[in-house]
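The numbers here are math on the coordinates, done by the rules we state, and not lab data. Just so we're clear, the structure is a prediction, and the values are computed from it rather than from any experiment. With ideal geometry, Cβ positions are generated from the backbone for all residues, glycine too; neighbour counts draw on all protein chains shown.
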Amino acid sequence: MESKEKKQRLEFLLSRNEVLREKLFFDAPKDIDKFKKDNEIEYKEYYSNVEEIRKLKLELMTPEEKLEYYRQKELAKEKYKNS
């Protein structure tokens, strides 16, 4: 997939997940178990999109951005260990 296509896919997934997030996490009805079962496909799509978004963001980062991303990740891991 080309960089332009990756950016378009990323924008689509971010937009789609915003719609799904509103439906699945902010408008929860009283019978949450039934709601989750009735919307199982959307939940799966949401979490699948989250993983693809993460991958696309990493692929589209510059080498400097990747270095900073992994540095921050390591710092967070150390902070968690020390707490």
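What you get for the chain, charging only the Cβ of Lys and Arg (+1) and of Asp and Glu (-1), is a dipole of about 260 debye around the Cα centre.
When the chain is fully extended, how far beyond the present Cα-Cα distance does Lys7 get from Tyr43, taking 0.36 nm per residue of separation?
Result for the pair: 10.6 nm of gain on full extension.
By its C-alpha gyration tensor, with a ≥ b ≥ c as the square roots of the eigenvalues, how is the stretch 1-44 shaped: rounded for a/c under 1.5, else prolate for a/b larger than b/c, else oblate? Taking the square roots of the gyration eigenvalues as a ≥ b ≥ c, the stretch 1-44 is prolate. P(r) tail, the chain: Cα-Cα pairs separated by more than 22 Å, 48% of all pairs.
Suppose only helical runs count, i.e. DSSP H with n ≥ 4. What mean residue ellipticity at 222 nm does that imply for the chain under -39500 (n - 2.57) per run, divided by all residues and rounded to the nearest 500 deg cm²/dmol? Walk me through the numbers before you get to the answer.
Numbers: 4 runs with 67 residues, N = 83.
Calculated from helices alone, the mean residue ellipticity at 222 nm is -27000 deg cm²/dmol.
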